[in-house]
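A short write-up of the structure that comes next.
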């Protein structure tokens, strides 16, 4: 387990990498980080018109986070969990996916027909699965391969 100082040093390196990438992209924004012993290291990017950093369905943001993780891992010779968000996008998406999961579960329950959600990345499918894990009437499963994987919400068999 890293010490608080080591964790803060890694967080500072990650901030520098993120700020450098943003500058190279020509994006004017500020990077806010959480202080203290939290793991993973989390940053929120604030600024005007940052939709370009989020991209379609958060793909650009996921790639930016991946790049920062790779660069920092290379620098410190260890994998470090780093989360990057843009103006609270991930939290809003999380809440929207949970609401979608419950709406679709109710639709499946009412109509008695399975519902297939659009393809989504693994971390979003996981949100759907966890949101409905304790639902009394439906089950979820992922189907498909690669970027075409999607969640199927079905009635539980009696």
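Against the longest alpha carbon principal axis of the chain, how many degrees, from 0 to 90 and to the nearest 10, is the axis of helix 4-25 turned? Tilt relative to the chain: about 90 degrees. For Rg and Dmax of the Cα atoms in Å, pick the label among (1) 18.8, 57; (2) 21.1, 85; (3) 15.1, 49 that corresponds to the value derived from the coordinates. Correct label is (1). The angle between the Cα long axis of helix 122-131 and the longest principal axis of the Cα atoms of the chain comes to about 50 degrees, rounded to the nearest 10. At a Förster distance of 35 Å, what's the computed FRET efficiency of residue 75 paired with residue 137, Cβ-Cβ distance as r, to 0.05? Between residue 75 and residue 137 the formula returns 0.10. Here the sum of -39500 (n - 2.57) over DSSP H runs of 4 or more residues, divided by the residues of the chain, equals -16000 deg cm²/dmol at 222 nm, to the nearest 500. Compactness of segment 39-85 is given as radius of gyration and Dmax, 11.5, 35 Å, from Cα positions. Annotation: the antiparallel percentage among DSSP beta bridges lying fully within segment 1-142 is about 45. Inter-label distance, residue 99 to residue 28: 3.3 nm, where each label sits 7 Å from its Cα along the C-beta direction. Shape summary: segment 92-155 maps onto an equivalent ellipsoid whose semi-axes, from the alpha-carbon gyration tensor, are 18, 14, 9 Å in decreasing order. Taking only the Cα atoms of segment 4-87, the ratio Rg/Rh comes out at 0.95, with Rh defined as the Kirkwood radius. Put a dot 7 Å past the Cα of residue 113, heading toward its Cβ, do the same for residue 92, and the two dots end up 3.2 nm apart.
In the chain, the longest principal axis of the Cα atoms and the axis of helix 59-76 are about 50 degrees apart.
Rounded to the nearest 5, what % of DSSP beta bridges with both residues in segment 4-87 are antiparallel? Once the DSSP bridges in segment 4-87 are tallied, antiparallel ones form about 45 percent.
None of the figures in this text is laboratory data; all of them are computed from the coordinates on show. Keep in mind that what you see is a predicted model, and the values were worked out from it rather than measured. Counting neighbours? That spans all protein chains shown, and the Cβs are built from the backbone with ideal geometry, glycine included.
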